[in-house]
Each structure stands twice: as C-alpha cells, then as structure tokens.
Amino acid sequence: MTDEKNSASSPRRRLLLQGSAAFAAGLAVPGFARAQDGGPIRIGHLTPRTGFLGPMGEYAVLGATMAVEEVNAAGGVLGRKFELLTEDSVNPQTASTKAQRMVERDKVDALVGEISSASGLAIAQVAARAKTLFLQTGCNSDELRGKNCSRYMFHLEACNTMYVRTIGQALLRDGMVKGKRWMAFTADYAFGHDLFKQTKKFMDENGAVFVSNDMLPTDATEFSASLLKIRQQKPDLVMSNLAGNQTTNFTKQYNEFNIDIPFAGADMNMTSIWGAGKNGFSGVWPIIWTHQVQAPSAKEFVARFQKRWKKLPENQAVNDYLAIKILAEAMARTKSVEVDKIIAFLEGDNSFDVLRGRPGYFRPWDHQMVYEMYTVQPSEDKNAGKDDFMVTSKPVPAADQSLEVLAPTQEENMCKFA
Amino acid sequence: MPTELIFIIQQVANGLLLGFYYLLIALGLSIIFSLGGIVNLAHGAFYAIGAYLIVFLSDSLGYGLAFVVSPVAVGVLGMLVERFFFRRFYRADPTLSLLFTFALSMVIEQALRMIFGASPLSFSIPEFAHGQVIVGDFFYPVYRIGMLFVAIAAVVGTWLLLNRTAFGKIVKAGINDPDMVRAMGISLNPVMTAVCGLGIGLAGLSGVLLAPITGVQPAMGQEILTAAFVVVVIGGLGSFWGVVVAAMLVGVIRGLTSYFYPPASEASLYLLMLLILVLRPRGLLGEKFERLE
C-alpha cells in the first residue's frame, strides 16, 4: 500500500500510468476517447474549387476559414478549438470518396459545404450512412429537401422554389408575367432542369405564354447563336436558368448583342455580377444576400471580411460562414458534439442571426433554413463604382409576411426522414 | 425570303465567324505539332495568359497599346519555353512532351488562380467598339466584326510567312524532312524558337480578342483547347488549309446545332470529328508523315 502510494506519487511513474491508460482507452474505444480528450472539433469542408462553380467555391473557403478563425479566437467551443479540413469536391464521385474519407479516417464531427446539387446528394448519402451531420451551403435542387431529404442534412442555401418565388414577386410587381411571351435558357444538368421546372410552373400559374426552352451545355462559353435566336423570336421576357460562369458570359453577351428585351433569371451570384462588370451586368435577379444588405450584423460582417481578405464578401462566403457559426452555437448551447442533440437543437424553436434584418431558422420537417432574400439589378447611377454598380432590393418577403411564404409547403415538396 | 431561311443564313454567318476564333488557336497548335512533333497541351493556358495580360495591362497602358503588347509578350514567353523546355523533347518519346505540356498547363492555370483568384475578372469591350452593325435583317456587334478582321489578318499573315518567305521554306522543309535540313547545314533550333513564338503568340492573341466576350478566369484555356484539338484533328496534320476548312466547318456545325438542338452544341464537334476520322483517318487535308507513321 505504501509502495503503491509512493509509486503513484512519483511524477514520472504517474505520467507513464496515465499515458498507458489513455493509450489503452484510445485503442479500446477511440470514438469515446476522442470526444473526451479536448482535441479539436474537426469540420470536413467540401466545395468545388475548379470548374464552372470554382469561383463560388473559392468564396466558400474564405467564409468557412473566417468562421473557424472567429470561433477559435473566442476560445473555441466546449474548450476545444475548431479545425477545418477543406478540399476540392470536384464532382459527385470524388465528393463521395472524399466525404467518406473525412468521416472514416479524419473522424470529422460534421461535414459542411458543397455547391453542386449532384455532389451534395452524394455527400448527404455518405453523411446519412455514417450518421454524421451535413450542413449544405450551396445546393439549390428542391429534391434535396423533398424526395432526397435526409435527417442528417440541413440546408443553409435557399432552394430553387425560393429563388423562383423571389424573382416571381419582382416580375409580377413589374407586370412582366401575365400574357407575356417568355423564352428560357437553362443549364443542362440537374440544377438547371429543376430550376426550369419551378420557373415554368410559376409562369404557367400566373398566365405567361411559354415560347421555348434551350438547354445549354455547362461548358459552353459563347452564346451568339442563342442571342441571335432571341432577336429573331422577339419574346417579351427572357429567363435564364443558367449556372456559374455560364451566367456571367450569357449576361455579358446579352449586353453586347444589345438586346432590349427584359432579362431576368432565377439564380444569380455576386461572382457572376462582378465578372460581368459594370458594362456587362443586366437583368433582374433573385439573390440570397449581397454586401449591400442593410442590417447592422451584415455591415459588421462586411467590414470584418474586408479586413481579413481585402475584398468584399460574396453570397456563397456568407452561407459557409453561417454554417460553421451555427454549428458552433449549437454545440455550445447543447454542450455536446453528439449528432442527435445537435439535430434536436437545430430542429427546435431556435433562430439564428443570419446577417439579415430578421433572424432565420430551420424548418423541422425538411431542414430548410428560411430567411430574407433580395433581388438585385444594375444601378441607374452612371457614376456608380465597382462595388455599387448593382442595387439590392428591400428584403423579400416583406416585413409583415411570414418568412415561409417563399419556400415550398409540405404538400408541394414532401420530405420523409428515414 | 422566308424568315426561317434568313435565321439560318444568319446562324451560318455567325458560325463562320466563330470558326475564325477556333482557327486562331488551332493554327498555332498545328504548326508547333507539325514542326516539333510536340502536342502542346499548354496551348490553352497561353491563351488564358493572353486574356489576363490584356485585362491587367489595359489599366496602365490603355487598351490600344495593351492589345499589341499582350500577344507579343505571350509570344516571347513561348520562345522562352521553347528555348528552355520544348527543345529537349523533339527527339524524345512523344509521351514525355505530352506529360510536360500537360504539367505546364496545370502549373499556369493554378498560378493564375493563385495570383488573380478563381472568380472571373470583369473586362468589357472598349468604348470605341460598342454598337452593332445592322444591314436589313442582318445584325452583328461591331466588336465581333473587328475581331474577324484581326483574325483574318493574323491568318493571312501567317500564311504569307510560311509560304512566301525563306523562313517559311525552312519551316516546310523541316516539317517534311528535318534530317535533310540539318544535312544542308541549316540549324532548325532558331526556326523552332520562332515557330513556337508565333504559334503561342497566336494563342495569346485569341485570348486578347475573346477576353471581353467570355469570362476571364483560370480554366478558360482548358475550355477552348479541346475545341482547338478537334479542329486540328479534323483538318489533318500539317495542312494549313485543312485547319482553315476544319475551323469553319466546326464553327458552322456548332452554330447550327446551337440553333436547332442546343443541348448537343458541344457534342456536335466530337460527332463531326468521329465521322471525319472514320471516313478519312488522316483528317480532311492531312498529309502523310513518315516519322509519325
């Protein structure tokens, strides 16, 4: 007994004992040991860095990185730092493989990111099998919240229906729908097809006359043939369901061909607006957020982002930033990294500062976050600079409307969590 | 004339114009391959450098001067790459140069991404080239017509250089029988440096011309390179006119598919290539190369 006491009080021997005990525990129940050891909370971040969605992916990484830095500067969560593992998701196959590796080898506590709906679905499947949380930040397809919804997936990004209804309200306001002949140009992949479907539904319901829809390959960069076609058909309205760099180029060339037919679309990102430039940007578009949003927290965020990255934040940066901040808040308030507790918290009656006038929240039945959206169009001020040649509307829905009016109802987009 | 016919004629004309853009980039690819046996997978990356240069230099030099300096700078860069890298591969296994240029294209693309970011840079058509030309039912932006003239001038200039000068005679002799040229006491090294400078400079020029139309972003080279290869393969190796005819054909086919069945507009190029290769494996006007057989 004396021996034991003596040996235990010897610092070297105690260290050895503790070390081997920890080692044994680590071998026996690695998951348990990891959760208790105060090591970093790991976030697996996947987003396309190359290809036509690459420009947005770059901002996603900036937003996520900044969120992790802020969480860690505030002392981390539960006494643990956040660690961000970020990778190029490339395509659905690679995204799936990388998500698998992040879950199994890197033991990430949550997956965040993605922009392509197809890759998002692939990651969601990995997350569901591994019972890991996935906060998706850029996938628009309605089906991800409907037919393909998952208990483990939460949606920071607005769905196509929300975009279509946002632009739809603006078009109805301007008398651009009823009885008007409209032509569509659509990105030829899952996202574009879904967006076209939602747009057509909206236009049909509101009495517009459909002329044609052209599916354009995502790698097309030159649209003179389509633009000549618009001039030939002379519709009253042209609707774009294009994506990524397609949007930038189509918008620029629309201006180049001097087409004076009203132009609108159901998806726009600031990267595309900046890429089109002051002389190339045209049309009216729905957008989830811009640096012009008039809310105190938005203005502070813009200032912090500019200080950190020497440029303005893009809407994609905001989603990835918010995803990580919300995750940190959920972990801090549930005092846990357990997936079931976090899901219960996010599904619960909790709202979050989403850098807009009103707080946002997740709907418990499909995990869609609802928040204020905006429309954006070229500024009429000829002297506007490179930061403000576009103007952002007041929030949609208006202050006296429910945030849920934009998103599909349970009947419209049935989601059953397995 | 029925309206539909006017539409189709307009699309054919547009296709021919598009053909000239393909031609500019394919021509350089073709002459570097013909003379050096190097399949330059980095050709698209030089096209991207041309586009970035005009965006970057326009601010300080103004559009006019930047328009001249940018392609020349890309050409000089091409000469340096020839002098220090390509030269090592002329007599080596073609796989090596393929791997080298592939790596070079990735290095350039990633370097552009690191320096300028992944987002497209905004660059507009210069003020003086705004506006459209309208003749009856025909309609076309002024800038694109200007591009057409620049492209024609570049192609004609290249043809004259290759067919009406002593330099061109050496190039042609070098393509057909490099050993005999060497036996005559003519060094092919400076000729190759010049040819790479010219070919890569043409890629830079296409980048300069297309910068205001398609977005200036790091992957822009990859997007155009595939189309350029299709043109070279359809036209046939070593044939100047083969590449010219193929570029026009590709432009028109793509234009018409975009009009009648847009989802296949990109695929149409490859179908055309497939068809030509089945009927004429050497390409439309391709010659027989002893050292490649």
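None of the figures in this text is laboratory data; all of them are computed from the coordinates on show. The structure presented is a predicted model; accordingly, all values stated were derived computationally and were not measured. Every residue, glycine as well, gets a Cβ built from its backbone with ideal geometry; the counts of neighbours run over all protein chains shown.
Sorted ascending by nearby beta carbons within 10 Å, beginning with the fewest, A:327, B:5, A:346 become B:5, A:346, A:327.
Sorted into 10 angstrom bins from 0, the C-alpha pair distances of the protein assembly as shown split as 3, 14, 22, 22, 17, 12, 6, 3, 1, 0, 0, 0 percent.
Less than 14 Å Cβ to Cβ from residue A:351, Lys/Arg counted +1 and Asp/Glu -1: what total charge do the surrounding residues give? Each step should come with its number before you reach the end.
Working: positive: A:325, A:333, A:356, A:358, A:363; negative: A:329, A:347, A:349, A:353, A:372, A:404.
After counting each charged neighbour, the total is -1.
Which links in A:201/A:416; A:81/A:341; A:81/A:131; A:180/A:252 stretch past 26 Å when you go from one Cα to the other? Walk me through the numbers on the way to the answer.
On the way: A:201/A:416 23 Å; A:81/A:341 20 Å; A:81/A:131 22 Å; A:180/A:252 24 Å.
Checking Cα-Cα distances, every pair stays at or under 26 Å.
Put a plus charge on the Cβ of each Lys and Arg, a minus charge on the Cβ of each Asp and Glu, and nothing anywhere else: the dipole of the range A:79-124 about its Cα centre is then about 160 debye. Taken over the C-alpha atoms, the range A:76-211 has Rg and Dmax values of 18.5, 61 angstrom.
Using only alpha carbons, build the gyration tensor for chain B and give me the equivalent ellipsoid semi-axes, biggest first, whole Å. If you can, show how the numbers build up before the last one.
Numbers: eigenvalues 188, 116, 65 Å².
With the √(5λ) rule applied to chain B, the semi-axes are 31, 24, 18 Å.
The phi torsions of the range A:157-172, fed into the Karplus equation with coefficients 6.51, -1.76 and 1.60 and a -60° offset, translate into couplings of 7, 6, 8, 3, 4, 5, 5, 4, 5, 5, 5, x, 4, 5, 5, 4 Hz, rounded to whole numbers, with Gly and Pro shown as x. Paramagnetic label reach from residue A:232 (point 7 Å along Cα→Cβ; backbone nitrogen cut-off under 20 Å): within the range B:258-276, residues B:258-269.
Report the convex hull volume per residue for the range A:78-154, counting only C-alpha atoms, in Å³. Please report the intermediate quantities before stating the final value.
Values: hull volume 6.9 nm³, N = 77.
Dividing the Cα hull volume of the range A:78-154 by its residue count gives 89 Å³.
Here the Karplus curve 6.51 cos²θ - 1.76 cosθ + 1.60, taken at θ = phi - 60°, turns the phi angles of the range A:179-189 into couplings of x, 8, 7, 10, 10, 10, 10, 10, 5, 7, 7 Hz, with x standing for Gly and Pro. Within the listed set B:97, B:206, B:30, the Gaussian network model of chain B (springs between alpha-carbon atoms below 10 Å) gives the highest mean-square fluctuation for B:97.
Taking every residue in A:253-260 and counting other chain Cβ atoms within 10 Å of its Cβ, the average works out to 4.
Among the complete DSSP H segments of chain B, which ones combine at least 20 Å of alpha-carbon extent along their axis with a mean Kyte-Doolittle hydropathy of 1.0 or more?
On the way: long enough: B:3-36 (49 Å, 1.67); B:43-61 (26 Å, 1.26); B:63-84 (31 Å, 1.58); B:94-116 (33 Å, 1.39); B:142-163 (32 Å, 1.79); B:189-210 (32 Å, 1.61); B:220-235 (23 Å, 1.84); B:240-260 (30 Å, 1.66).
Passing helices, by number: B:3-36, B:43-61, B:63-84, B:94-116, B:142-163, B:189-210, B:220-235, B:240-260.
Computed from Cα atoms, the angle from the helix A:190-205 axis to the main principal axis of chain A rounds to 50 degrees.
Alpha carbon centre of the range A:71-108 versus the range B:102-150: separation in Å? Cα centroid to Cα centroid, the span is 38 Å. The spacing between the range B:25-66 and the range A:379-418, judged by their C-alpha centroids, is 42 Å.
For chain A, the longest principal axis of the Cα atoms and the long axis of helix A:244-256 meet at an angle of about 20 degrees.
What does the convex hull of the Cα atoms of the range A:196-272 come to per residue, in Å³, rounded to a whole number?
On the way: hull volume 7.2 nm³, N = 77.
Convex hull volume per residue, Cα atoms: 94 Å³.
Going by neighbour counts of Cβ atoms within 10 Å, the residues B:254, B:164 line up, fewest first, as B:164, B:254.
Taken over the range A:251-363, the convex hull of the Cα atoms encloses 132 Å³ per residue. The radius of gyration of the Cα set in the range B:111-221, together with its Dmax, comes out at 19.6, 60 angstrom. Cα axis of helix A:92-104 to longest principal axis of chain A: angle in degrees, 0 to 90, nearest 10? The helix A:92-104 is inclined about 20 degrees to chain A. Legend: translational diffusion of chain A by Stokes-Einstein, Rh = Kirkwood radius over C-alpha pairs, 25 °C, 0.890 mPa s; D = 108 µm²/s. Residues whose amide H comes within less than 5 Å of that of residue B:131, counting only those at least five positions distant or on another chain, are B:142 (H built at 1.01 Å from N in the peptide plane). Note on A:280-291: average number of Cβ atoms from other chains within 10 Å of each residue's Cβ is 1.
Given +1 at the Cβ of Lys and Arg, -1 at the Cβ of Asp and Glu and no other charges, the dipole of the protein assembly as shown around its Cα centre is 1260 debye to the nearest 20. Return the FRET efficiency for the residue pair residue A:381, residue A:294: r is the Cβ-Cβ distance, R0 is 22 Å, and the value is rounded to the nearest 0.05. Once rounded, the FRET efficiency stands at 0.80.
Label point of residue B:142 set 7 angstrom out along Cα-Cβ; within the range B:198-229, amide nitrogens under 17 Å from it belong to B:212-213. Partner shielding of B:257-265 amounts to 6, given as the average count of beta-carbon atoms from other chains within 10 Å of each residue beta-carbon. For chain B, the residue among B:56, B:76, B:155 whose Cα projects farthest onto the positive side of the dipole built from Cβ charges is B:76.
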